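Structure first, commentary second.
The values are calculated or read from the model by the stated rules, or taken from the named source; none is laboratory data. Given the structure is predicted, the values throughout are model-derived calculations rather than measurements. All Cβ positions, glycine included, derive from the backbone under ideal geometry; neighbour counts span all protein chains shown.
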Amino acid sequence: MWVISKEKMKKAFRYCIVALLAGSAIWGCKKDDETVNTPSLNGLYLSSVPSFVAVADVLKVDADITSLTTSDRSKPGPVSLIWQVNSAQKDTLTKDAGKTNPQFSYRIDTLGSYTIFCYAYAKDYYSASATASFKAIAPDTALEGVEHKDVVNLDGQDYGTVAIGGKTWLSQNLYKTGLGASFENSPVVDVVFGRLYNWKEAQTACPAGWHLPTAAEFDQCLGTDAGALMADASFLKEKMWEYWPGVTPTNSLGFNAIPVGYWDKNNKVDPYGSYSSYAAWWTASSADQKGGEYRYIYEDLAQVQKAWGDKETLYMSVRCVQD
């Protein structure tokens, strides 16, 4: 009868375990060697989606599949599109998007943040994806902390007005259509933020009986105290101006300045990066070598600032003063 010591049994057990693991590793390597790489689709793009959309609107989005490529330069069969909004159930829009490339329509029923997901797929290929995000708002209630004492109708649009420095000023930014641009491609916020204009457009943007103020008019009427112009406003429940030592938004003149910022048409990285930090308005004044003259408020500066900018590529707000 053979008697095996406990120590020998432990060594034999360890040997078996090592052998088993080694066999698993060999098997795993073999499996990896037999794996076939699946090609993928790349380059799916969605049409431009506004950053803000009104509740009850129907948003329409196009998917550009003409720019699709494959990782192995092959030609896939029919391409299908699947759309999804937030965590809603996925919807297969078509089984042959390559022939029709139909438009996706989505009705917005509630306030809040939305993300649209689009997936393009074909048999035997990994899918490509693209997303677009926006916020659904109610323009009438989106902005809080701003009041207009008197309202006038100019060219079919209602504006608040206020008497400052012996003149009547608009107490909100101009949002005349046909000129300028909407903030972040979102016409729904025109009435909230006003539109952004370049200096040349600003010269003729004000309605009949009103004009773009000169730099002298701006300075004489509105002064240099930034806090007296700044409204303690909130957009979608978020404070627009940060609170900085030495700068207090009192809005004592009723000007209702909000930090819409400006749009730099040449800035490809973040053209609206000045939002929540700057409020800027063109004047009718100009310096040929420096460009159009404007006045601006920066969040942590207690005084209204003076500057000049390109007359064609820099877009900012407009306030009109009555003739």
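Side notes on the structure shown:
- Selection of the range 189-199 for residues being part of a strand (DSSP E or B) and either hydrophobic (A, V, I, L, M, F, W, C) or surrounded by fewer than 17 Cβ atoms within 10 Å (Cβ to Cβ) (or both) yields only L196.
- Complete set of residues in the range 220-230 that are within 19 Å of T250 (Cβ to Cβ) and either of a type in the set (D, E, K, R) or in contact (Cβ under 8 Å) with a residue 40 or more places away in the chain (or both): C221, L222, G223, T224, D225, A226, G227, L229, M230
- Residues in the range 149-172 that are touching a Phe, Trp or Tyr at 6+ places or on another chain (Cβ under 9 Å) and under 23 Å from V55 (Cβ atoms): Q157, Q172.
This table checks each residue for (1) crowded, with 19+ Cβ neighbours inside 10 Å; (2) within 24 Å of M240 (Cβ to Cβ); (3) among the aliphatic types (A, V, I, L, M).
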site: D155; (1), (2), (3): no, no, no
site: Y159; (1), (2), (3): yes, yes, no
site: G166; (1), (2), (3): no, no, no
site: Y175; (1), (2), (3): yes, yes, no
site: P187; (1), (2), (3): no, yes, no
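- Condition check for A130: in a strand (DSSP E or B), in contact (Cβ under 8 Å) with a residue 60 or more places away in the chain and surrounded by 12 or more Cβ atoms within 10 Å (Cβ to Cβ): yes
- Only strands (runs of 3 or more DSSP E) whose full extent lies in the range 253-323 are considered here, and the ones with at least 2 residues that are in contact with a Gly (Cβ under 8 Å, 6 or more places away or on another chain), among the aliphatic types (A, V, I, L, M) and assigned by TED's automatic domain parsing to the domain that holds L170 are 278-287.
- Flag if A208 is outside the structural domain of A54 (by TED's automatic domain parsing) and either out of contact with any strand residue (DSSP E or B) (no Cβ under 8 Å at 6 or more places or on another chain) or under 24 Å from W308 (Cβ atoms) (or both): yes
- In the range 141-165, residue farthest from the chain's Cα centre (by Cα) [restricted to those that are in a strand (DSSP E or B) and not aliphatic (A, V, I, L, M)]: D150
Per-residue answers, yes or no, for (1) free of Cβ contacts under 8 Å to residues at least 24 places away in the same chain; (2) farther than 20 Å from A228 by Cβ; (3) outside the structural domain of S48 (by TED's automatic domain parsing):
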residue	(1), (2), (3)
H148	no, no, yes
V151	yes, yes, yes
A163	yes, no, yes
T168	no, no, yes
S171	no, no, yes
A181	no, yes, yes
N185	no, yes, yes
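- Scope the range 133-153; condition surrounded by fewer than 18 Cβ atoms within 10 Å (Cβ to Cβ) and of a type in the set (A, V, I, L, M); matching residues: A138, V151, V152
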